[in-house]
Amino acid sequence: MSAAPTHPAPGHSHGHAPASPLTARKSAALSGSLRPPGDKSISHRALIMGLLAVGETMIEGLLEGDDVLRTAQACRDLGARVERLGPGRWRVDGAGLGTLATPTRTMDFGNAGTGTRLMMGVVGGHGITASFDGDASLRKRPMRRILDPLTLMGAEVVSEAEGGRVPVTLKGASDPTPIEYRTPVPSAQLKSAVLLAGLNSPGRTTVIETEASRDHTEKMLAYFGAQITSEPHGEHGRRIVLEGRPTLRARPVIVPADPSSAAFALVAALIVPGSEVTIEGLMMNPLRVGLLDSLMEMGADIEVLDRRIEGGEDVADLRVRHRALKGADIPAARAPAMIDEYPILAVAAAFASGETRMRGLNELRVKESDRLAAVADGLTACGVKNRIEGDDLIVQGAKSVPGGSTVATHLDHRIAMSFLVMGLASEQPVTIDDANMIATSFPTFRPAMERLGAVFG
């Protein structure tokens, strides 16, 4: 048995690991196949469902990035036995719904916004008190939108940092009040927190979304035996109804490859001339393929192979070939299906002929960094014309991107990987100021890309 690391990961505020810059250089054609790491969203949820289910949940393909390892540790803190059996293979012996232990220490989630928010929902629906904290980046991120519905259900915020930020101490409700909750913004994390709190409620919890967000939690709850229905509501929304206090039974979970991580090899293959890359086992959930839809509209050569179902999710392989891209108008309605992929889409747009407008990116301002400003600054540093109008990012593409500069990542793993991909096709090398935090979502990014022919260093 090997435990999750208990020390802070590189790049976290507690450890102050020295920055580790990395440079990407113009590469020859990329070729080969890649199985990206397991999906981060599914990995967090598989561990949490294992915590709440009765019996042993076996997980294959778990993403072993820092964010997910911290959720694994939080599951231990709440009373589950969590063991690593081998690379990506984990076993969770659940505490069971309604029987969680009170943690004996603060749960440190590092940089993991998803883990923090989902686990707040779990704690909010149980009669225990738990404290949540994280790194400097997590301490800036808003938690009030999660805490508000939990207090409606009977949870009590014992203490919080200014503006409802972590560190937060939350006293959960042993009999959470069933509520009908309309989400103020499309957020899978917010919806999931309410549903996870509602699991231990003696009644029916309803969440209404005017704009549908990712539905991994609903699919996994159903897979583990919860009674849950999801129906269209209004033009783009969903109405989700969960019956409280189900018997959740352990099930095996195969974690599909993460679309957000696959995005880097995908765009690299499109922009590096002569490339042909196959991406294996990719999650094709309709609420996660906004980037694919957008790249197809830009003229990308992407072939979908061997569609199948694994662990309740749609999966396929993709064959991606280099092709000249053209600018496109990316609608705001697509934002929830690709919120993490805008930095890499902006890189693709830099190499596309004409203008690409990405609409409605207000959610990017409250990610690991102000991702909208960070992307715009990085593009400017690399000689790419762009502007922000309201919540829209407009990128003026060109056949050749100058590069030749150092990009500030603001401790944001997706900014880091996006601009490294830009360096593989730009005229001059692109350097990022720190590569440490890439480990939060894609620990094998550098060797995996180097096997395809990418040049770093």
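The values are calculated or read from the model by the stated rules, or taken from the named source; none is laboratory data. Every value quoted in this text rests on a predicted model; they were computed, and no experiment measured them. Here the Cβ is made from the backbone with ideal geometry for all residues, glycine too, and neighbour counts use every protein chain on show.
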Conditions (1) under 14 Å from LEU266 (Cα atoms); (2) surrounded by fewer than 17 Cβ atoms within 10 Å (Cβ to Cβ); (3) of a type in the set (A, V, I, L, M, F, W, C); number of the one not met by ALA333: (1)
Selection from region 75-96 of residues that are more than 19 Å from LEU248 (Cα to Cα) and outside any strand (DSSP E or B): ASP77, PRO87, GLY88
From PRO443, PRO447, grab the single residue that is free of Cβ contacts under 8 Å to residues at least 60 places away in the same chain and over 25 Å from ALA352 (Cα atoms). PRO447
Residues (touching a Pro at 6+ places or on another chain (Cβ under 7 Å), in a helix (DSSP H, G or I) and not aliphatic (A, V, I, L, M)) located in region 184-203: GLY198
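Considering only region 120-155, how many residues are under 28 Å from THR206 (Cβ atoms), of a type outside the set (A, V, I, L, M) and touching a Ser or Thr at 6+ places or on another chain (Cβ under 9 Å)?
The initial filter retains those residues of region 120-155 that are under 28 Å from THR206 (Cβ atoms), namely 120-130, 132, 141-155.
Remaining after also requiring of a type outside the set (A, V, I, L, M): 121, 124-127, 129, 132, 141-142, 144-145, 148-149, 151, 154.
Pick out the ones that are also touching a Ser or Thr at 6+ places or on another chain (Cβ under 9 Å) and you get 121, 124-127, 129, 132, 141, 145, 149, 154.
Residues flagged as under 28 Å from THR206 (Cβ atoms), of a type outside the set (A, V, I, L, M) and touching a Ser or Thr at 6+ places or on another chain (Cβ under 9 Å) within region 120-155 amount to 11.
THR229: hydroxyl-bearing (Ser, Thr, Tyr), part of a strand (DSSP E or B), at negative phi and not assigned by TED's automatic domain parsing to the domain that holds THR183, yes or no? Give the steps one after another, and end with the answer.
Working: hydroxyl-bearing (Ser, Thr, Tyr): yes; part of a strand (DSSP E or B): yes; at negative phi: yes; not assigned by TED's automatic domain parsing to the domain that holds THR183: no.
It is false that THR229 is hydroxyl-bearing (Ser, Thr, Tyr), part of a strand (DSSP E or B), at negative phi and not assigned by TED's automatic domain parsing to the domain that holds THR183.
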Return a yes/no flag: does region 352-359 have any residue that is within 26 Å of the chain's Cα centre (by Cα), of a type in the set (Ser, Thr, Tyr) and farther than 21 Å from ASP433 by Cβ. yes
Is there any pair with a first residue in region 373-386 that is farther than 17 Å from ARG359 by Cβ and a second that is part of a loop (DSSP other than H, G, I, E, B) and among the hydroxyl-bearing types (Ser, Thr, Tyr) whose Cβ atoms are under 7 Å apart and which are 6 or more apart or on different chains, and what are they? ALA381/SER405; CYS382/SER405; CYS382/SER426
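Which one of these is surrounded by fewer than 22 Cβ atoms within 10 Å (Cβ to Cβ), of a type outside the set (Asp, Glu), over 20 Å from LEU291 (Cα atoms) and in contact with a Ser or Thr (Cβ under 9 Å, 6 or more places away or on another chain): GLY403, GLY390, GLY383?
Values: GLY403 fails: surrounded by fewer than 22 Cβ atoms within 10 Å (Cβ to Cβ); GLY390 fails: in contact with a Ser or Thr (Cβ under 9 Å, 6 or more places away or on another chain).
After ruling out the rest, the residue left standing is GLY383.
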Those residues of region 272-321 which are of a type in the set (Ser, Thr, Tyr) and buried (at least 23 other Cβ atoms within 10 Å of the Cβ), in sequence order: SER275, SER294
Looking at SER213, SER159, SER137, which is the one that is farther than 22 Å from ALA53 by Cβ and over 22 Å from the mean Cα position of the chain (by Cα)? SER159
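Quick one: which helices (runs of 4 or more DSSP H) sit completely within region 359-457 and have at least 1 residues that are basic (Lys, Arg) and farther than 28 Å from PRO142 by Cα?
Values: elements: 371-381, 413-423, 445-452.
Because the criterion is at least 1 residues that are basic (Lys, Arg) and farther than 28 Å from PRO142 by Cα, the helices (runs of 4 or more DSSP H) in region 359-457 that meet it are 445-452.
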Under the condition of being surrounded by fewer than 24 Cβ atoms within 10 Å (Cβ to Cβ) and out of contact with any helix residue (DSSP H, G or I) (no Cβ under 9 Å at 6 or more places or on another chain), which residue from region 411-428 is nearest to PRO273 (Cα to Cα)? GLU427
Restricting to region 222-255, count the residues that are surrounded by fewer than 17 Cβ atoms within 10 Å (Cβ to Cβ), over 17 Å from THR183 (Cα atoms) and of a type in the set (D, E, K, R). 3
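Being in contact with a Cys (Cβ under 9 Å, 6 or more places away or on another chain) and not hydroxyl-bearing (Ser, Thr, Tyr) narrows it down to one residue among ALA300, ALA350; which is it?
Of the residues listed, the single one that is in contact with a Cys (Cβ under 9 Å, 6 or more places away or on another chain) and not hydroxyl-bearing (Ser, Thr, Tyr) is ALA350.
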Quick one: in region 139-157, of everything that is outside any helix (DSSP H, G or I) and at pLDDT below 95, which residue is farthest from LEU199 (Cα to Cα)? ARG141
Which residues, taken from region 56-95, are of a type in the set (Gly, Ala, Ser), under 27 Å from THR247 (Cβ atoms) and either modelled with pLDDT under 95 or under 22 Å from the mean Cα position of the chain (by Cα) (or both)? GLY61, ALA72, ALA74, ALA95
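Identify, please: which residue in region 97-126 is part of a helix (DSSP H, G or I) and polar (S, T, N, Q) and is, among those, farthest from HIS216 (Cα to Cα)? Quick ask: steps written out before the conclusion?
At the first step, the residues of region 97-126 found to be part of a helix (DSSP H, G or I) are 113-124.
With the extra rule that they be polar (S, T, N, Q), the set shrinks to 114, 116.
Numbers: THR114: 12, THR116: 17 Å.
Looking at residues that are part of a helix (DSSP H, G or I) and polar (S, T, N, Q), I get THR116.
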Looking only at region 95-137, filter to residues that are in contact with a helix residue (DSSP H, G or I) (Cβ under 7 Å, 6 or more places away or on another chain) and polar (S, T, N, Q); which one of those is surrounded by the fewest Cβ atoms within 10 Å (Cβ to Cβ)? THR114
Could you figure out which of (1) more than 19 Å from GLY110 (Cα to Cα); (2) surrounded by fewer than 15 Cβ atoms within 10 Å (Cβ to Cβ) isn't true of GLU162? (1)
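Only one residue in ILE432, ILE394 is farther than 23 Å from ASP66 by Cβ and either at pLDDT 95 or above or in contact with an Asp or Glu (Cβ under 7 Å, 6 or more places away or on another chain) (or both). Which one?
On the way: ILE432 fails: farther than 23 Å from ASP66 by Cβ.
Of the residues listed, the single one that is farther than 23 Å from ASP66 by Cβ and either at pLDDT 95 or above or in contact with an Asp or Glu (Cβ under 7 Å, 6 or more places away or on another chain) (or both) is ILE394.
Can you tell which of THR114, THR106 is closer than 20 Å to ALA136 by Cβ, of a type in the set (Val, Ile, Thr) and over 14 Å from the mean Cα position of the chain (by Cα)? Steps first, answer last, please.
Details: THR114 fails: over 14 Å from the mean Cα position of the chain (by Cα).
After applying the criteria, what remains is THR106.
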